[in-house]
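Here is the structure we will look at.
The values are calculated or read from the model by the stated rules, or taken from the named source; none is laboratory data. The shown structure was predicted, so the numbers you read here are calculated from the model rather than taken from an experiment. Cβ sites come from the backbone with ideal geometry, for glycine too, and all protein chains shown count toward neighbours.
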Amino acid sequence: MPHLLRSTLWLGFFGLILAAWWMLAVASLDMGLDLLGRPGGIAEAMRRMDPRMDMQMPMAEFWPLASMWALMMAAMMLPTLVPTLRAYEDLMVSANGTRAGWAGVVAGYFGVWLVAALGLAGLQLALLFGGMIDMLGIATSRWFAVALLLAVGLFQFTRAKEVCHGVCHAPAMYFLGHWRTGFAGGLRMGSGLGGFCVGCCWGFMALGFAGGVMNLAWMGLATLFMVLEKLPQIGHVVTRPMGFALILGAGVVAGWPIISGG
């Protein structure tokens, strides 16, 4: 029975991730977008539309945006939780952990990212009506994209990134220092870990505004990198190289020829 419960929980966990990716892919197709989140046909006309001319467009309303960001959090951030859940399982016997606690960690972690999704939806609307991005969340100026790439790249070298990544990279140490039993205890620990994870990974969410928040290719690459960042074996060696890559990317984008007022 314990093995059946473990298998059921893990299958449900991965099923949630797959469902989120599937729903995002369907939404992207329904909007007429390609893999890079670029529009065609009707979607192109929507992209060029001034949002102030039609306040009923779903991408200009808070709750549809919040729902989309919540799906993105499930698709992108839940995979990064796998090493943390494995660390919890390693402590279950020696520290009196339970499957309820395991589920609590998932709920607490995801709950924090759901709150982050609300904030990101509000930020997207502010950027949209401020003219910084278009209806599909694509930067309207290359200089805005440059600023995002540069800011996230530089953040990779900061003390804040080091502290937050340290917790995410070694969740067992966090568990040992904050151990609580049962679902409530797992919820509390998961919330704490989620807070550090937001501090560690916020930049990769913000980068969605550089190339479009419905860019599935970017989402996949960002998810892969964030998973690698949290792996005990290599997580500590990929953070700064990514910072250099993003700064270099900012330079490349800044050097693009101006085509249409960007």
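When each of MET53, MET72, MET59, MET49 is tested for being over 20 Å from LEU33 (Cβ atoms) and either touching a Gly at 6+ places or on another chain (Cβ under 9 Å) or modelled with pLDDT under 90 (or both), the lone residue that passes is MET53.
A single member of CYS168, CYS164 is crowded, with 18+ Cβ neighbours inside 10 Å and either under 19 Å from ALA107 (Cα atoms) or free of Cβ contacts under 8 Å to residues at least 12 places away in the same chain (or both), and it is CYS168. Any residue in region 103-123 that is touching a residue at least 24 places away in the same chain (Cβ under 8 Å) and within 16 Å of PHE175 (Cα to Cα) sitting within a Cβ distance under 9 Å of a residue that is of a type in the set (Ser, Thr, Tyr) and not in a helix (DSSP H, G or I)? List the pairs, counting only those 6 or more apart or interchain. Close Cβ pairs (under 9 Å, with a partner that is of a type in the set (Ser, Thr, Tyr) and not in a helix (DSSP H, G or I)) amount to GLY104/THR98. The set of residues from region 56-94 being touching a Leu at 6+ places or on another chain (Cβ under 8 Å) and farther than 24 Å from ALA116 by Cα comprises just one member, LEU91.
Here TRP179 meets each of (1) over 23 Å from LEU65 (Cα atoms); (2) modelled with pLDDT under 90 with one exception, condition (2). Scanning region 124-134 for residues that are surrounded by fewer than 21 Cβ atoms within 10 Å (Cβ to Cβ) and either part of a helix (DSSP H, G or I) or touching a residue at least 60 places away in the same chain (Cβ under 8 Å) (or both) yields LEU125, ALA126, LEU127, PHE129, MET132, ASP134.
Selection of region 54-104 for residues being touching a Ser or Thr at 6+ places or on another chain (Cβ under 9 Å), surrounded by fewer than 18 Cβ atoms within 10 Å (Cβ to Cβ) and in a loop (DSSP other than H, G, I, E, B) yields ALA95, ASN96, THR98. The set of residues in region 140-180 being assigned to a loop (DSSP other than H, G, I, E, B), out of contact with any helix residue (DSSP H, G or I) (no Cβ under 6 Å at 6 or more places or on another chain), farther than 23 Å from VAL227 by Cβ and not aromatic (Phe, Trp, Tyr) consists of THR140, SER141.
With respect to the conditions (1) outside any helix (DSSP H, G or I); (2) surrounded by fewer than 17 Cβ atoms within 10 Å (Cβ to Cβ); (3) within 18 Å of the chain's Cα centre (by Cα), PRO232 falls short on a single one, namely (3).
Among the criteria (1) buried (at least 17 other Cβ atoms within 10 Å of the Cβ); (2) assigned to a loop (DSSP other than H, G, I, E, B), the one ALA210 does not fulfil is (2).
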